[in-house]
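Just so you know, all these numbers are worked out from the coordinates, no wet-lab data involved. In this text, all values refer to a predicted model and were calculated from it rather than measured experimentally. FYI the Cβ positions are ideal-geometry reconstructions off the backbone, even for glycines, and counts take in every protein chain you see.
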Amino acid sequence: MASHSLTPETLARAIATPMVDRISVDDTGRALTEPLREDIRFLGGLLGEVIRSHAGEATFELVESSRRDAFGIRYAEVTRDQLAGRYDGRAVADLMPVIRAFTNFALLANLAEDLHRERRRRIHQRAGDPAPPSSLAATFGKLADAGRTDADVAAALRSAEVVPVITAHPTETRRRSVFDAQNRITELMRVRARTELTPEEDARLTEDIRRQILVLWQTALIRLRRLTISDEITTGLRYYGASFFDVVPALNKDVRAALVEAYPDAGLDGLSMISMGSWIGGDRDGNPFVSAEVVDEAATSAARTAMRHHLDELAALHQELSLSARLFSPVSPALSALGSGFAPPDEPGDTDDEPFRSAVSAVRSRVLARALRTLGEDAVDPAELDTARAAAPYGDADEFLADLDVIDRALRAAHDDSIADDRLATLREAVRTFGFHLSGLDMRQNSETHEQVVAELLSWAGVCADYPALPEADRIGLLTAELASRRPLTTPDAELSELAMKELGVVHAAAGAIERFGPRAVPNYVISMCSSVSDLLEVLILLKEAGIYHAAGPGDAGPSCSVRVVPLFETIEDLRGGAATLTAALNLGFYRALVRAQGDVQEVMLGYSDSNKDGGYLAANWALYRAELDLVSASRAAEVRLRLFHGRGGTVGRGGGPSYDAILAQPPGAVTGSLRLTEQGEIIAAKYAEPVSARRNLESLLAATIESSLLDVEGLDDPERAYADFDELAESARRAYSALVHETPGFVEYFTASTPLSEIGALNIGSRPTSRKQTTAISDLRAIPWVLSWTQCRVMLPGWYGVGSAFAQWTGGDDARIADLRRYYENWPFFRSVMSNMAQVLAKSDMGLASRYAELVPDEELRRRVFSMIVEEHERTLEMYTAITGTTDLLADNDALKRSVYNRFPYLEPLNLLQVELLQRFRSGEDSPLIRRGIQLTMNGLATALRNSG
């Protein structure tokens, strides 16, 4: 299919055509969503009542007329100029309630959609329909059909682990107060949906919901100050009480039980697949606010959260286990020994025959003692300090778990299995999963910083005066020699730069966390922009200075280090060279011995954001796939188990999209039972804000991991031919992308002017600066503001640009080549996922709205030139999508998202048009706190409405 030049007529048509025209919702689809639309009408009606009563009739009428016009635009009954004209000349104070109205409506629509998904799942379950894809029931059915044996399952899953890693990447713009109000409305709407109410009860419930919407209306949606890292730590930890403590232990227990029942000889009795990770407080790449004190705060706060959970559960267990020895026999000697000397304090004399309560009291006293020793007196209730001081603290969580196992065995010996399977079983699973540390805090820093600090240490110690000048081979030789030595490079009185002192302080704080909370507290050190073996070894030098890495001594098999060093390959070139870097490191005898001591597991992180920003959507996705193939091959040759860590963001431009599909799209051998992935921004709240959604999303991660580990999911008859074809396609896509982003004169100026990039820096959504350095270069801009900016202006460029050109050039109008792409689309999960995710992005793009942002570019020639390139590629990509998939419906494979987009997108129109209006005023000199807040509110509203925005 030949490329076409963009004529003025084509440009006008592209701008005038709403993307909703590329989405087909039939009568059946509308019928299925009628309950959803009823919920939206109900909530919207209550919001309207609140607006009318608290903002006045004039504001209510402006909101209502804006809503009517937004739908009129869909049906070509109203133009965007007419809707935008409603805001001309109005005071910012008059526009603010309109922005708040549509933002709050987006929050309520999100809530209604989540409830509708729950409703549809219950309908299917009650009807006895087959288990849906991404459920564990469906996965176990596939394993049974495939005839997998106990030995197969044992080999794939005996060391299995799935680790969602919570990060502070900040596109989650909601405040905690807003979050809480939404949750209260959700619970009330569940009651409304599931309960047969009398008219009086219905009226009271409606008033309760209206009251919460009023709270939402009168709660400020954005913060007046920027988040601190302490705020981010607190925010990340709130999900444990909200869902993780309930869901993760139960899910681990259920999965293990199902696997043991289906494969009793696989040896999976001790398997707990899900554990939690965090970057919040340990990720200092580009974040100058992460310090030793922050690392200590993050690790301590996590441990405190785990300890409080365990203590509360033990207190509840003490209340429940009132079983009397007079009513069952015999009492387990082990239970008696455990509880010896610990009569329950609340009923002395009356409960001497309650051995389970005595045992729980004994266990709880030792947990209190552990809290006192590792967290200090403020972690223990003053009334329990004497108990904590008198008891012997647990040395680690395994000792705690062993005592809980004593109680479990005693209950089962008394034929009280159902009691053992309740709170006690959940607590035992929680201790397995969360230990005394809660989650693993990863360290992360940029390789450039490591080089500077190590160079300074080597110079101070007199080892090498100019380390940066050394060639790579000499660096490796020097660092290897230092890592074989047991002496440190520095002393406590060393005179070092502020940077070196800060970096050493961080690793010393990590060492302190490991000493207090165990090695699982800080399991990994991630190296951003890793491109060489010396980048890996420099981190080991820093860990050695903190006493975490230990060189081999006399009689030792090799060096030891409780922290794994994890290279992060994130640019296109680093991804291409990643396997060679890994092989070279594993060829070093001492490094191979270190990996052997760490269980023969080498973790590698893959960066989705920077690879996309570097080479565009298709080139980045293919570079990641190719890198995984090469890394699998390299790890097998070295006889180590590869564990991949996927640095996925919320949006398609940063690796986002449905996690289940993304995992199944990995190449053969890339999962092997283990998976770590980042959970970022507003995606965390969308997935894990409450137990129902948390269970569903974690279950999909487990299902995909098990399937990818045990089933052939690639589906290619001739992989090498497919790989060669995509080598060509990816290179072509990269050239097309680079021609715009890296080579077009004035592109940075266009990007900065046509998007709210500079204003994003003022949105108080995170502690991290928008750029790694003070520069205007695209390469130095962090991926979040890059993606968020294009999302706000509805171009969505990172999720599709360059793809249309690549397909058009590669096929060249050849029907046979188009047929090849169709066959790949039908049979290859990787390509199907790429196309599906791109289609989701295209469905959310809108060149008509984008053209209004383009008008913000003062240079008319630059505006016309760049915007025409964007629109032309957009048209070409839509054209090629249809040629390959055989449909013009961008969301043909995702009915739920299709209905969401169709129902809610008219409500985005006012937010986009108001954002452009306020940006124009602000940039023309109308500066005030109110107009700045108005711009920030529109960004908040659009991020909320689009759901995966940054």
* To do: Quick one: net charge around residue 594, please, counting Lys, Arg +1 and Asp, Glu -1 for every other residue with C-beta under 12 Å from its C-beta.
  => +2
* Computed helical MRE - 222 nm, the chain, DSSP H runs ≥ 4 contributing -39500 (n - 2.57), nearest 500 -> -19500 deg cm²/dmol
* Local charge sum around residue 836 (other residues, Cβ-Cβ under 9 Å, Lys/Arg +1, Asp/Glu -1)? -> -1
* When you count, for each residue, the other Cβ atoms within 10 Å and take the mean per peptide, how do 920-932, 783-795 rank with the highest first? -> 783-795, 920-932
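Taking every pair of distinct Cα atoms and averaging 1/r, then inverting, what Kirkwood hydrodynamic radius in Å comes out for segment 832-940?
16.1 Å
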* Asked: What percent do you get for the relative contact order of segment 324-415 when only Cα pairs under 8 Å and 6+ apart count?
  -> 29 percent
* Asked: If you plug each phi of segment 313-324 into the Karplus form 6.51 cos²θ - 1.76 cosθ + 1.60 with θ = phi - 60°, what whole-Hz ³J(HN,Hα) values come out, in order, with x for Gly and Pro?
  -> 5, 5, 5, 5, 5, 4, 5, 7, 8, 8, 4, 9
* To do: Give me the distance between the Cα centres of segment 804-842 and segment 708-734, rounded to whole Å.
  => 12 Å
* Asked: Mind listing the phi-derived Karplus ³J(HN,Hα) values for segment 454-461, rounded to whole Hz, using 6.51, -1.76 and 1.60 with θ = phi - 60°, and x for any glycine or proline?
  -> 5, 4, 5, 5, 5, 5, 4, 7
* Structure fact -> The local net charge around residue 96, scoring Lys/Arg +1 and Asp/Glu -1 for residues other than residue 96 whose Cβ lies under 15 Å from its Cβ, equals +3
* Selection from 619, 203, 280, by position along the positive dipole direction of the chain (Cβ) -> 203
* Two-decimal ratio, segment 324-415, of alpha-carbon radius of gyration to 2.2 N^0.38 Å -> 1.13
* Asked: For segment 393-497, what relative contact order do you get, as a whole percent, if you take Cα pairs closer than 8 Å and at least 6 residues apart?
  -> 21 percent
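So what is the relative contact order of the chain, in percent, for Cα pairs below 8 Å that sit 6 or more residues apart?
The normalised contact order for the chain reaches 19 percent.
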* Could you check how many percent of all C-alpha pairs in the chain are farther apart than 45 Å? => 33 percent
* **Distance from segment 124-173 to segment 520-587 (C-alpha centre basis), Å** => 31 Å
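Could you rank the peptides 851-857, 135-141 by their average count of other C-beta atoms within 10 Å per residue, with the highest value first? Walk me through the numbers on the way to the answer.
Numbers: 851-857: 21.0, 135-141: 17.3.
Per-residue mean Cβ counts within 10 Å order the peptides as 851-857, 135-141.
Sort 809-815, 665-671 for me by packing, meaning the mean count of neighbouring Cβ atoms within 10 Å per residue, highest on top. Numbers along the way, then the final one.
Values: 809-815: 14.3, 665-671: 22.1.
Most protected by this proxy first, the peptides run 665-671, 809-815.
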* Computed over the Cα atoms of segment 442-640, what is the convex hull's projected area averaged over all directions, in nm²? -> 11.5 nm²
* Tell me, what is the FRET efficiency for residue 257 and residue 322 to the nearest 0.05, using R0 = 35 angstrom and their Cβ-Cβ distance as r? -> 0.80
* Structure fact -> Sorted by chain and then number, the residues having a modelled amide H within less than 5 Å of the amide H of residue 603, at least 5 places away or on another chain, are 643
* Computed label-point distance, nm, for sites residue 415 and residue 384 using a 7 Å Cα→Cβ extension -> 3.5 nm
* Give, in nm to one decimal, the length gained when the segment between residue 93 and residue 119 is fully stretched (0.36 nm per residue of separation minus the Cα-Cα distance). => 5.4 nm
* Structure fact -> For segment 897-950, the convex hull over Cα atoms projects on average to an area in nm² of 3.9 nm²
* Asked: Which part of segment 174-198 falls in the paramagnetic zone of residue 205, meaning amide N under 11 Å from the point 7 Å along Cα-to-beta-carbon?
  -> 188-198
